[in-house]
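Novice: Let me begin by handing over the structure; questions about it come next.
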Amino acid sequence: MIKLAVFDTKIYDREAFERCDTKGIKFRYLETKLNEDTVELARGCDAVCVFVNDTVNAEVIDRLYEYGVRLIALRCAGYNNVDVQAAFGKIHVVHVPAYSPYAVAEHAMALLLTSVRRIHKAYNRTREFNFSLNGLTGFDFHGKTVGVIGTGKIGRIFIGICRGFGMNVLAYDPFPAADSGIEYVTTDELFTRSDIISLHCPLTEETRHLINADAIGKMKKGVVIVNTSRGALIDAEALLEGIKARKVGAACLDVYEEEGDVFFEDRSGHILNDDLLSRLISMPNVIVTSHQAFLTEEALKNIAETTLRNIRSCFEGDGACENELCYRCSHFETCKGKRKEKCF
């Protein structure tokens, strides 16, 4: 029996797992996030299951290893919150690389449409029987240029949606998709030519604060910025200044750099201590959703099934762990499909 501690559990997580075949796995559901103060709760478990705002640094990894934990199973694609280098040789790390790229790409477009066509403002007005159209003027997507940073599965699906609207597409990715028909340019050219910029890349040391004051200075006046990837891709202070200076026309954010203690929780009865987030939310041209782009029935099903399959592949048999993040690989995933055994 594999003993699994599931941290930062929400109702929809538990329901998704319970709809799967959980034979051979004993669950310990925990509402708290994993960090240095809560890692003790994993004592006696063989594996932990974590999400985007759990802290899995070197200290936490050493404690988990001491307790006998041998697997960290991310139920998400991103792994910037896990010190994979510190885990190497001690604890295997697996993730869910593709749960539903359509969910995230479609949410990015939903945010964009809502912002540009003022759907949220119209909704609030008509609920109060205010049917005025003043201040609700948007712009056509057809013929506009969208710059997409990151052309993995999500980025390419988003590009397909944009092409359906008749938009011109530019893209930047250090690893261009072969034979995709996508026009790849430098980030500087993307910044200067794009009416809309959408981020679909992982958070790494190279991409941290990719959107900063210098980048915003190169953009068109009135540019719309969309981020459904990781909050720290954007320097939030620089974004706020760009909005106040009327350089940034709108921002659509499903993620935020300091979201860890705020997102996924009901804070409606509390004073929000994050002044920067409060100021962003107060701006009339900013839409913030709380990291919900992944949240569809299909995605939750795929996350649960893939997570359980990852766990079983690591504990049953001597072959490779499915979807293991291998620190030996310069890009972590380049040896997938070639492995015949675990990474260590």
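Novice: Can you name every residue in region 289-320 that is under 20 Å from residue 10 (Cα atoms) and open to solvent by 40 Å² or more (accessible area, probe 1.4 Å)?
Specialist: Across region 289-320, the qualifying residues are 290, 292, 295, 296, 297, 298, 301, 302, 305.
Novice: Looking for whichever is in contact (Cβ under 8 Å) with a residue 24 or more places away in the chain and in contact with an Asp or Glu (Cβ under 7 Å, 6 or more places away or on another chain) here; the options are 222, 260, 231, 242. Which one fits?
Specialist: None of the other options fit; the residue is 231.
Novice: Please go through (1) in contact (Cβ under 8 Å) with a residue 24 or more places away in the chain; (2) within 30 Å of residue 321 (Cα to Cα); (3) outside any loop (DSSP other than H, G, I, E, B) for residue 59 and return the number of the only condition it doesn't satisfy.
Specialist: Only one criterion in (1) in contact (Cβ under 8 Å) with a residue 24 or more places away in the chain; (2) within 30 Å of residue 321 (Cα to Cα); (3) outside any loop (DSSP other than H, G, I, E, B) is unmet by residue 59, namely (1).
Novice: Looking at region 181-194, can you tell me whether even one residue there is open to solvent by 70 Å² or more (accessible area, probe 1.4 Å) and of a type in the set (Phe, Trp, Tyr)?
Specialist: So far as region 181-194 goes, no, none of its residues is open to solvent by 70 Å² or more (accessible area, probe 1.4 Å) and of a type in the set (Phe, Trp, Tyr).
Novice: Could you please give the count of residues in region 175-224 that are of a type in the set (Gly, Ala, Ser) and more than 23 Å from the chain's Cα centre (by Cα)?
Specialist: Residues that pass the stated criteria total 5.
Novice: Within region 81-96, work out how many residues are in contact (Cβ under 8 Å) with a residue 40 or more places away in the chain, part of a loop (DSSP other than H, G, I, E, B) and crowded, with 18+ Cβ neighbours inside 10 Å.
Specialist: Matching residues across region 81-96 total 2.
Novice: Going by the conditions given, is residue 145 farther than 30 Å from residue 309 by Cα, surrounded by fewer than 23 Cβ atoms within 10 Å (Cβ to Cβ) and touching a residue at least 60 places away in the same chain (Cβ under 8 Å)?
Specialist: In short, no.
Novice: Then there is this: Between a residue in region 288-305 that is free of Cβ contacts under 8 Å to residues at least 60 places away in the same chain and any residue that is assigned to a helix (DSSP H, G or I) and aliphatic (A, V, I, L, M), which pairs come within a Cβ distance under 9 Å, given they are 6 or more apart or on different chains?
Specialist: Within 9 Å, the pairs are 288/277; 288/280; 288/281; 297/16.
Novice: Ok, one more. Does residue 271 fit the bill of being assigned to a loop (DSSP other than H, G, I, E, B), open to solvent by 10 Å² or more (accessible area, probe 1.4 Å), of a type in the set (Val, Ile, Thr) and within 30 Å of residue 163 (Cβ to Cβ)?
Specialist: no
The values are calculated or read from the model by the stated rules, or taken from the named source; none is laboratory data. This one's a predicted model, so the numbers in the text were calculated from it and none came from an experiment. Backbone-built Cβ (ideal geometry, glycine too); neighbour counts: all protein chains shown. To get the accessible areas, we keep the full protein, side chains included, count just its heavy atoms, and leave off ligands, DNA and RNA. Shrake-Rupley method; radii C 1.70, N 1.55, O 1.52, S 1.80 Å.
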